[in-house]
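Heads up, the thing below is written out as structure tokens.
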Amino acid sequence: MFAGQQDYVVGVDTHRDRHALAVIAAATGALVLETEIGADRCGYELALAFAGEHARGSRLWAIEGSGSYGAGLARFLAEQGEQVVEVERPQRQERRQGKSDRIDALRAARAVLRETALPRAAGAREALRALLTTREGAVATRRAGLNQLRALIVIAPESLRGELRRLTRARLLAHCARLRAERQLDPQLRGTMLALRACARRVQAATIEERELKREILRLVEELAPQLLAEPGVGPISAAQLIVSWSHQGRFAGESAFARHAGAAPIPASSGQTLRHRLNRGGDRALNRALHTIIVSRRKHHPATIAYVQRRTSEGKSVREAIRCLKRYLARHLFRLLEAAPITA
């Protein structure tokens with residue numbers, strides 16, 4: 001499945017309407033040919049025919065965004081028995097030498113010579129990904145609505161502001177959702193009450209939506225990987241993100257590849273007599289955020305984690321450096337946990 005075992009690598013830079021393809025020789029990395037196809041069934045068939053003509057022999061498809069714009073192509077190729085891997089989109093610093101769809105396709109093909117991961121599996125994992133994305137939107141809507149509600153209270157007429165500022169969040173939302181702005185004659189008071197009612201009802205609707213989605217996420221996590229929920233600090237949302245990013249057994253070559261994908265692998269940052277590593281700001285940021293959330297919880301409630309941070313800081317490391325070490329350990333531990341009890345659903 002790796003590039004060293006293939007004759008050719010076909011890199012694909014994916015977009016909504018068009019995909020750019022670049023074929024390289026796996027042995028040398030030299031460009032063979034480039035083309036573009038449409039992002040539809042006809043285009044996928046053209047891509048396969050193009051590869052059959054110009055990349056005869058064993059070949060590997062390296063697709064950027066195989067879980068988004070490239071999902072259709074990745075599924076089509078897998079159904080045709082082609083070997084497909086996922087590559088990350090290039091970081092900003094990698095684009096200093098130029099940016100175009102064809103250049104990005106060539107980068108994708110050459111990136112597979114360094115490191116690859118299999119595309120995510122579909123089914124229940126894809127359902128989890130859809131639920132997580134939609135829940136995140138509901139949480140953002142709720143947060144924005146609450147911020148707007150508080151801002152409106154600050155500038156509200158004094159009679160209304162004095163009434164609302166003493167209420168707890170739950171009572172504030174319930175009270176504002178029941179406001180009767182139509183009975184007010186003062187235009188400022190009427191308009192403010194209408195705005196407050198709209199914000200409160202929006203927050204309530206987003207809260208109901210978020211809770212419904214979270215219940216379904218929890219149900220799927222308990223079905224797919226209940227062992228994650230037994231780990232300290234791992235809640236249903238973090239567990240779901242771990243399942244989505246890990247996807248299935250064999251997607252990553254090993255725990256170090258998973259740590260790099262999670263942005264938890266240490267990056268050397270030494271200079272002169274200073275020997276140190278820094279945080280990795282690349283990789284799957286949603287997965288990195290899930291690891292960070294688990295670490296934050298463990299720092300409050302997990303005795304072993306609390307003791308570890310205290311020991312490392314007493315040795316002269318900063319809290320940030322201690323967290324970096326914890327993320328690397330956690331990525332290794334959770335990866336092994338998932339690989340030891342592979343998901344079959």
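Read-outs: derived from the displayed coordinates by stated rules, not from any lab. Quick caveat, the model's predicted, so the values are computed rather than measured. No Cβ is skipped: glycine too gets one built from the backbone with ideal geometry, and neighbour counts run over all protein chains shown.
For the pair Leu185 and Tyr329, what calculated FRET efficiency results from E = 1/(1 + (r/R0)^6), where r is the Cβ-Cβ distance and R0 = 56 Å, to the nearest 0.05? Each step should come with its number before you reach the end.
Numbers: r = 64 Å, r/R0 = 1.15.
My answer for the efficiency is 0.30.
Given a 10 angstrom Cα cut-off, can you work out which residue in Arg102, Arg150, Arg251 is the most mobile in a GNM of the chain? Per the Cα network of the chain with a 10 Å cutoff, Arg150 tops the list. Applied to region 155-160, the Karplus parametrisation 6.51 cos²θ - 1.76 cosθ + 1.60 on θ = phi - 60° returns per-residue 3J(HN,Hα) values of 9, 5, x, 4, 4, 7 Hz, with x for Gly and Pro.
Near the amide H of Gly235, within less than 5 Å, lie no amide hydrogens of residues on another chain or at least 5 residues away, with H placed in the peptide plane.
Hey, what's the Cα Rg ratio for region 280-328 versus the globular rule of thumb, 2.2 N^0.38 Å?
Numbers: Rg = 11.1 Å, N = 49, 2.2 N^0.38 = 9.7 Å.
Computed over Cα atoms of region 280-328, the ratio equals 1.15.
Using the Cβ-Cβ distance between Glu222 and Val319 with R0 set to 56 Å, the FRET efficiency works out to roughly 0.95. Between His175 and Gln204, the modelled labels are 1.5 nm apart [label points 7 Å from Cα along Cα→Cβ].
Could you tell me the calculated FRET efficiency between Ala257 and Ala144, based on Cβ-Cβ distance and R0 = 45 angstrom, to the nearest 0.05?
Values: r = 37 Å, r/R0 = 0.82.
The formula returns an efficiency of 0.75 here.
Projected onto their three principal axes, the Cα atoms of the chain cover extents of 78, 57, 45 Å, largest first.
The Kirkwood radius of region 3-111, taken over pairs of alpha-carbon atoms, gives through the Stokes-Einstein law at 10 °C and 1.306 mPa s a diffusion coefficient of 118 µm² s⁻¹. Over what distance in Å are the Cα centres of region 153-210 and region 322-340 separated? When both Cα centres are located, 45 Å separates them.
For region 227-340, the extents of the C-alpha atoms along the principal axes are 42, 30, 22 Å, listed from largest to smallest. A full extension of the chain between His302 and Arg336 corresponds to an added length of 10.2 nm, given 0.36 nm per residue minus the alpha carbon distance. Residues whose amide H lies under 5 Å from that of Glu36, counting only those 5 or more places away or on a different chain, are Leu21; hydrogens are built 1.01 Å from N in the peptide plane.
Helix 187-224 and the long axis of the chain differ in direction by around 40°, with both axes built from C-alpha atoms. Applying the Karplus relation 6.51 cos²θ - 1.76 cosθ + 1.60 with θ = phi - 60° to region 325-336 yields 3J(HN,Hα) values of 4, 5, 4, 5, 4, 5, 4, 5, 5, 5, 4, 5 Hz, where x marks Gly and Pro. Structure remark: mean-square fluctuation, Gaussian network model of the chain, C-alpha springs under 10 Å; the largest value among Arg211, Arg260, Arg178 belongs to Arg178.
When the chain is treated as a Gaussian network with alpha carbon springs shorter than 10 Å, the biggest mean-square fluctuation among Leu330, Leu287, Leu189 belongs to Leu189.
Close amide-amide hydrogen proximity is noted between Val87 and Ile63, Glu64, Gly65, Ser66, each under 5 Å apart and 5 or more residues distant or on a separate chain (H modeled in the peptide plane; Pro and chain starts excluded).
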